[in-house]
Structures are given as C-alpha cells and as structure tokens.
Amino acid sequence: MPGNRWALRYCGNMLSLTIKEVSLALREGKISPLELCRKCLKRIKKTQHLNAYITVTEELALKQAEEAESRLLQGVYQGILDGIPFAVKDNFCTENIRTTCASRMLKDFLPPYNATVVQKLLDQGAVLVGKTNMDEFAMGSGSTDGVFGPVRNPWSYAAPYREQSGGAEDDSEWVITGGSSGGSGAAVTSLTSFLALGSDTGGSTRNPGALCGAVALKPTYGLLSRHGLIPLVNSMDVPGIVTRSTSDAAIVLEVLQGRDLKDSTTVQSPTSHAGFSEDFDVRNLCVGIPKEYHAPGLSQETLAQWSRLADLLEGAGARVREVSLPHTQHSIVCYHVLCCAEVASNMARFDGLEYGHRSTEDSSTDAMYAASRHEGFNAVVRGRILSGNFFLLQQNYERYFLKAQQVRRLIAEDFEHAFSAGVDVLLTPTTLSDAASYSHFIQADNRTRSTQEDVFTQPANLAGLPAVSVPTALSSRGLPIGLQLIGPAFQDGMLLSVAHWIEQRVGFPSISNYEVPNK
Amino acid sequence: MLGIHQIYGRRRVQLNIILPLLCRYYYASRTDNMLSTNVKTLRKTRNTPSRPVTVARLYSSNKHNSKVPKVPTWEPLGEDRIPSLPQVSSDLVDKLERLALVDFRTKEGLVCLERAIRQLFLRGDTVTEGDCAEKLLPLSNTTVEEYFVAPPGNIPLPRREERASMLKHSEF
C-alpha cells in the first residue's frame, strides 16, 4: 500500500529531512512526535563518539514529545516547530537543566529560568533533546577546549573522508567541528536534531557551520534576545541558528526575533525590510567581493569555491564587483582587545559565592575567590581575563581599549560605505579551509588558532551585521566548505533569500547519502 | 510676494498649536511635496487665480547641481512608528530642575522634554520580577538561612609566592 511504502522509504531518512518536510510528515501522521523523538535519542546514543552533547535531556524530551503528540491528536497545532527535536548550546540557561558552558566553574549549575530564545522554541512545541558541547565559555574556534572533551566532526566518519584517508579503521585522524558552537554543528549534521542554537561572538556559529556542512546564521545584533545567554562579549554576542537548510533558518529566525523586555539591547526589526523569499531574483542583486578577504592562509579550494559562486551569480544576471573594506586586516586585533576587555568584566561574576564552583580555600574572601577562579576556569579563560584587565588598566586604557573602539567604528563604516555604494550583499569565505584534523589543530594554542580562524567572521560581529554561512561543496579531503554572505543590518530576510538561491544551485550533498539507513 | 521665511514662519506657528513638532521634522522627498503645499498656501493668501507654479519658480532660476538633492530628503514617520508619549511627572520635573539648575516651569518646556524622550523605547518603571530567594539560594555552595556565607574580608591576597602554594593545594 502506498502509505506503508512511503513510511518505509522515509523512516530510514526521516532524520535527514528539513524542518519543513518533517513538520509536514508529523501533521500528516506519517510519523508521530514520540517516534521522531525516540529516533533522535537513539541516534544520539549511536553517535556518542562525536561527543556533541554534554547533557541529553531524555526524560524531558519524551515528555515534551508526548505533549506534542496529544496536541496533534486533538488537532491543536502550535506551529511549524511543534514536535520538532532541537538542541541548545550549553551556554544558554535552561531551567533546572544543567548549564555548564563546558567549564568546571558551572559544572553543576542549574539555572532557575529558561533563556528567552529557548523559551520561545519550547512555546512553539519544539522538543529539547539536549545541551551541546562547546569551547569553555565560548572561547575558541575548535570546540576542543571544553572541560568535557573535544567534539568530533561527523564528516570524519563519512565515506568521502574515510576513503581518501586510506579507508582504515584508524580513529586517530578525526577532524574538528570548528567552534565554539561545535556541538551544535555536529548535532545538526549528524542528524540528531533538526535545529540547534549556538552563540556567535566572533564567528562561533558560522565557523562550525562551515566546517560541519550546515547553514549557520548570525542574525543582526539586537534582533534576538540574549536574555539567558551567558555572556562573553555583550556588544558582539548573538544567539546563532544552525539548520540543514536556509528555509529552516528563516523559519527559526521568524520565531525567535523580536524585542524582549528582559534584554534592553533588543530592537524590533523594521517591517519595511523584505522577508525571506524562495523566489529571489538575482538579476536585482549587486554582490560585493571584498578584496581584503583573500587573507594569507586561504586554501586554494576555498578560493575556488569563492570564485565559483561569484561566477554562478554573475552568470545568472547578478552584478558582481570587487569592493574594498580597507580596515579588515586590523579587525582581528581590534576584536581581540575588545573581546578580552569585555570578558574581563563578564567573568568577574564568577567568584564561587552565589553560584558555581567554590573552592575549599577559606582563609579570606579574596583567597576564596582566587582559588575558585583558578580551579573553575581553564587556562584559555584565565588568559583572556588577564589580557582584558591589562587593556583596561589606566595606563593602557586609551592606547588599547579606546583605540580599539575607534578602529571598530572604522570597520563598521567600511561596511556602511560598501552597502551605501549600491552593494546589496557581500560574498566571502567563512573559514580559511576545510576542517583540520584534531592532531594538527592542537599543535598551536587556542589564541593563535582563534586569531587565524576568526579572520573572516569577526568583522560582522564588530559591525553588528547579519551573516550566514552556506555549505557549497566537499573538499578533496571529503570535508565541507562553506561560503559566507554578509548583509546590511536587519536585512536578514534578504540575506537568507540569496543564501537559498545559492543553496538550490550548488548541490551540497547530505551526510545521509553516505550512510547505511537507520532501521 | 511673501518671502520664503515668512511662509515657513507662518507654517511653524500653525504646527505648534495643532500638531506635534516631531512629525513634521521627518520629511518626504518627491511624493509628499511640501513645496507644492506651500505653493497652494501661497495661492490662497494672495487670492490670485490658479496657475501652474513649479518648484523652480519659487527659487532663483540658476542651474542646480545634479549631485545636490533638489528637495528635502527626510521621510515622514507615521504616528504608528513613534512610541507613545511617556508621562513626565512633576516629581521628575523637580528632580531634573534640581540636577540641571535650570527651570522649565512653563508647560511648553515640559512638552519639549516629553517629545525629546519620545524617541526611545522605554518600558514602564515597574518591578516585574524578583522575590525568588528560594530559587537562588540553592545555587550556592555555602549558605546559612537566607545568607550567602563568605570567608572574612579585608584581608589582602597573599604575596605571589604564597599564592602559588595556596593554589597548588587546591583541587586542580
């Protein structure tokens, strides 16, 4: 019978569907929310070696899935996300669910509330399957420095990579996910959840998105609430969205955006801007190629993809032209100064007194604080706090902190000039190359790697602009390469529309093509 | 012929009485043509028969540089896009007057202030959250009744050499 055949054909690949497709399947009764949830939980167990999750919320997920099921049976339908399993980076507060930021400092921390963006997803009926792994306190670009261990890229275990690395069963050459939202990237691309929230301060969502082969959106600063997101850099942090398709990202953005009274840095998006459209006509588009984004270290293959996309757009009638963002080269240093300065301030709250790890040292308050922070923070975090304090010293304040603020203004103005000169969107690489093997990546320290890896992504954070990474092809090593689009503020819809146009034409393969289907 | 400043002057007086100043500061380009409205006003006051009056005729007939916008370029903000007027209580006025050591006892001054702060989105100054001590206290390692307990303060951190040994003995 057709229904059964449909069910059989899809059951194996149900987890590789997009949100749109699986939501339809739920509503048509082809699969139930409980079955879907169980499949995801089973797959999480099967992919445990990836270490994508710090906490798997099995009981809660099943309970939420049951509620979604009873709603569906009653014909009461919360929305397109009703019954859809999702994962959340472990720096978003989740009520009574351990939220650790991959740090000893918050190892046993149970927040008494949900972050606004998490609450919004739950209100839509989405099912939380777990909290994802990350770099400690979101400091890093590899997801290798968290206290629960590094995250492994799912593509390490897919045929393309295994074949070209000799096909051996040898496990030692697995590749990183990128970071710091590596767990979220791995969760979505290993098909254990349909969407994941990350955070993006210098590229922490786009970087793993590119390396894991996912669509990763950094929304305009102020569009999504940061209430409940344990802050790294208040002036740059945004919640990031990781999905398997651009349409899915648009769906989630629509749900999550909006002014939040609990986050005074949020704004209501101006309604005059175009929303997401699947029929964007690129003949109306002017694409800028910022020449400074060919940075030292850019791999030949990523460069080739960049050129390929420029040709693709031009061939379809878009105007493509070279532009200049002259201060790009200085942006990584500027970012580093401002990031450390804000980190020094934001990490000051962790003293072991009201929450978090507390040392047994009790000779004095200061000694207790110092010992708790020594025990709770890893070397990367402590290093950034010290750097930040250095930049904020009275004798250094003007030379470093104020100067960085001025450079930040110049960088933001570079973008403004490009956009006001008629460019609609900028096309750049997301990362220097495809994912590095873990053994290679750890040969340099965290700060060096961040300086190298964040080069294309952090300018958008400095300027508060929306940016999205779209997977375009597999490299010769069989690993994903992603390209980035940056748009003017609040043009997230238009940005995703262009990303969608590209996605439809590049033919990036799904990881499920290379796997044996699930039972 | 009425001078331009006279026309604008008359219009301004009308606006103060009838409409919030703010709306008219935001100004359209080609479509909402204030100049054509001005032209109509001009015609009415002069009681001359209607005749087509183009924008160019109100100014000098010299050539206009094409890079310079010919008409004002501000866009009108509809009322719906401007947040509603916040209430400024007399207590607040008193406080402001004392801080600034200027007074604006006249009603006009107050109205000016209200319009200036209308631009910002301001939520009501009401306490909406809190009273959750029982949720927060369990998060701490060491509490006694409703207090967080800290070791004695006012003791400076030990010198660097002693600090190293203090941290060495700690858990990690």
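The values are calculated or read from the model by the stated rules, or taken from the named source; none is laboratory data. Computed from a predicted model, the values in this text were never measured in an experiment. Every residue, glycine among them, receives a Cβ derived from its backbone with ideal geometry; neighbour counts consider all protein chains shown. Accessible surface areas use protein heavy atoms only, side chains included; no ligands, DNA or RNA. Shrake-Rupley method; radii C 1.70, N 1.55, O 1.52, S 1.80 Å.
List of remarks:
- Near A:LEU128, the amide H atoms lying under 5 Å from its own belong to A:PHE86; only residues 5 or more places off or on other chains count, and H is placed 1.01 Å from N.
- With θ taken as phi - 60° and the Karplus curve 6.51 cos²θ - 1.76 cosθ + 1.60 applied, the whole-hertz 3J(HN,Hα) list for the stretch A:228-237 is x, 8, 5, x, 10, 10, 4, 8, 10, 4 Hz, x standing for glycine and proline.
- Cβ neighbours within 10 Å from other chains - mean over A:369-377: 4
- Amide H within-cut-off set for A:VAL425, under 5 Å, with H built and near neighbours excluded: A:CYS286, A:GLY288
- Net lengthening on full extension, B:PHE121/B:GLU161 (0.36 nm per residue, minus Cα-Cα): 9.1 nm
- Helical contribution to [θ] at 222 nm, DSSP H n ≥ 4, -39,500 (n - 2.57), averaged over chain A, rounded to 500: -12000 deg cm²/dmol
- Along the stretch A:262-268 the Karplus relation, 6.51 cos²θ - 1.76 cosθ + 1.60 evaluated at θ = phi - 60°, assigns HN-Hα couplings of 7, 10, 6, 8, 8, 9, 8 Hz to successive residues, with x for each Gly and Pro.
- What a 1.4 Å probe finds exposed on the stretch A:329-413 is 51% carbon and sulfur by accessible area, rounded to a whole percent.
- Pairs from the list A:LYS63/A:LYS120; A:LYS120/A:LYS218; A:LYS20/A:LYS63; A:LYS131/A:LYS218; A:LYS107/B:LYS135; A:LYS120/A:LYS262 with a Cα-Cα gap above 21 Å: A:LYS20/A:LYS63.
- Taking every DSSP beta bridge that has both ends in chain A, the antiparallel portion is near 70%.
- At a probe radius of 1.4 angstrom, the accessible area of the stretch A:357-501 per residue rounds to 36 square angstrom.
- Chain-alone versus full-assembly comparison, the stretch A:320-358, residues with accessible loss of at least 40 Å² (1.4 Å probe): A:LEU353, A:GLU354, A:ARG358
- Packing, taken as the mean count of other beta carbons within 10 Å per residue, orders the peptides A:495-506, A:454-465 from highest to lowest as A:454-465, A:495-506.
- Sorted peptide list for A:476-484, A:400-408, B:140-148, A:187-195, criterion being average Cβ within 10 angstrom, highest first: A:187-195, A:476-484, A:400-408, B:140-148
- As a length-normalised measure over Cα pairs under 8 Å and 6 or more apart, the relative contact order of chain A settles at 18 percent.
- For A:THR472, residues with placed amide H under 5 Å, excluding near neighbours: A:ILE481, A:GLY482, A:LEU483
- In terms of the mean number of neighbouring beta-carbon atoms within 10 Å, the peptides A:418-426, A:330-338 order highest first as A:330-338, A:418-426.
- Using the Cα coordinates of chain A, the gyration tensor eigenvalues translate into equivalent-ellipsoid semi-axes of 32, 29, 23 Å, sorted from longest to shortest.
- For the pair B and A, the buried accessible area comes to roughly 2200 Å² in total, with a 1.4 Å probe and the value rounded to the nearest 100.
- Note that the stretch B:136-144 has calculated 3J(HN,Hα) couplings of 8, 4, x, 6, 8, 6, 10, 10, 10 Hz, one per residue in order, obtained from phi through the Karplus relation 6.51 cos²θ - 1.76 cosθ + 1.60 (θ = phi - 60°); glycine and proline are x.
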